[in-house]
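Derivation of every value follows stated rules applied to the coordinates shown; laboratory data play no part. Not measured: the values here are computed from a predicted model. Cβ sites come from the backbone with ideal geometry, for glycine too, and all protein chains shown count toward neighbours.
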Amino acid sequence: MATEKGVPKLFAQDLENNCFLLDGSPFTPMSGEMHYFRVPRPSWEDRLAKIKAANLNCVTTAVEWGLHEPHPGLYNFENDLDLKAFINLAAAQDLLVILKIGPQTSPERDFGGLPFWLLSVNPDMKCRTQDESFTYFFGRWLKRLYGQIQDLLAGRGGPIIMIQVGPEIMSSDLF
């Protein structure tokens, strides 16, 4: 997110005063949730404009690992899964972005949004735990995801102000 002169805005956490700061002033993120992968790409701009019209200053979106890596090591960030394009459209609407990167997207998604192939690679894998196989594949996914978003982080002048890990990252009894 940039000011009128193209200078990146500074987002920070003020631990002394228990608040967030945007360009040095107290800031309260007020976000609408939109999962880009559930909305056809031609509708993204309209939906983001509606979030902005609701006087919200952020959009929160989940990033579903299973959609982006449908087969081991094969990644898809195109068309309705073009995360960078979605984030750039949000920035064009003057919206900051909060990413929810998983590993699980949500309980209503098949397998929680995890890639189904995880269980075929290692049938004994305990997903969403410190299981060595799971942490290997999740770490590999995070590296690929970071390559997609690194230039869009607030510290580099981008609109991504927060990244949420989870939910239920350490619950092995659900799968």
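Descriptive notes on the structure:
- Subset tally (residues that are surrounded by 15 or more Cβ atoms within 10 Å (Cβ to Cβ) and within 20 Å of residue 76 (Cα to Cα)) for the range 118-133: 1
- Some residue of the range 67-75 being farther than 22 Å from residue 142 by Cα, over 13 Å from the mean Cα position of the chain (by Cα), surrounded by 14 or more Cβ atoms within 10 Å (Cβ to Cβ) and not hydroxyl-bearing (Ser, Thr, Tyr): no
- Residue 161 assigned to a strand (DSSP E or B) and either in contact (Cβ under 8 Å) with a residue 60 or more places away in the chain or in contact with a Leu (Cβ under 7 Å, 6 or more places away or on another chain) (or both): yes
- For the range 76-105, filtered to residues that are surrounded by 15 or more Cβ atoms within 10 Å (Cβ to Cβ) and of a type in the set (Gly, Ala, Ser), the residue that is nearest to residue 47 (Cα to Cα) is 90.
- Restricting attention to the range 30-49 and to residues that are among the acidic types (Asp, Glu) and in a helix (DSSP H, G or I), the residue that is surrounded by the most Cβ atoms within 10 Å (Cβ to Cβ) turns out to be 45.
- Of the residues making up the range 105-148, those that are of a type in the set (Val, Ile, Thr), over 19 Å from residue 36 (Cβ atoms) and in contact (Cβ under 8 Å) with a residue 12 or more places away in the chain number 2.
- Candidates 126, 100 - the one that is within 29 Å of residue 22 (Cβ to Cβ) and either β-branched (Val, Ile, Thr) or out of contact with any Pro (no Cβ under 6 Å at 6 or more places or on another chain) (or both): 100
- Being surrounded by 14 or more Cβ atoms within 10 Å (Cβ to Cβ), among the aromatic types (Phe, Trp, Tyr) and more than 20 Å from residue 150 (Cα to Cα) is a property that holds for residue 20.
- Within the option set 109, 128, 140, 156, being more than 15 Å from the chain's Cα centre (by Cα) and within 22 Å of residue 41 (Cα to Cα) holds for one residue only, 109.
- Condition met for residue 108 (under 25 Å from residue 31 (Cβ atoms), charged (D, E, K, R) and surrounded by fewer than 21 Cβ atoms within 10 Å (Cβ to Cβ)): yes
- Residue count, the range 122-141 (criterion: touching a helix residue (DSSP H, G or I) at 6+ places or on another chain (Cβ under 9 Å) and part of a helix (DSSP H, G or I)): 5
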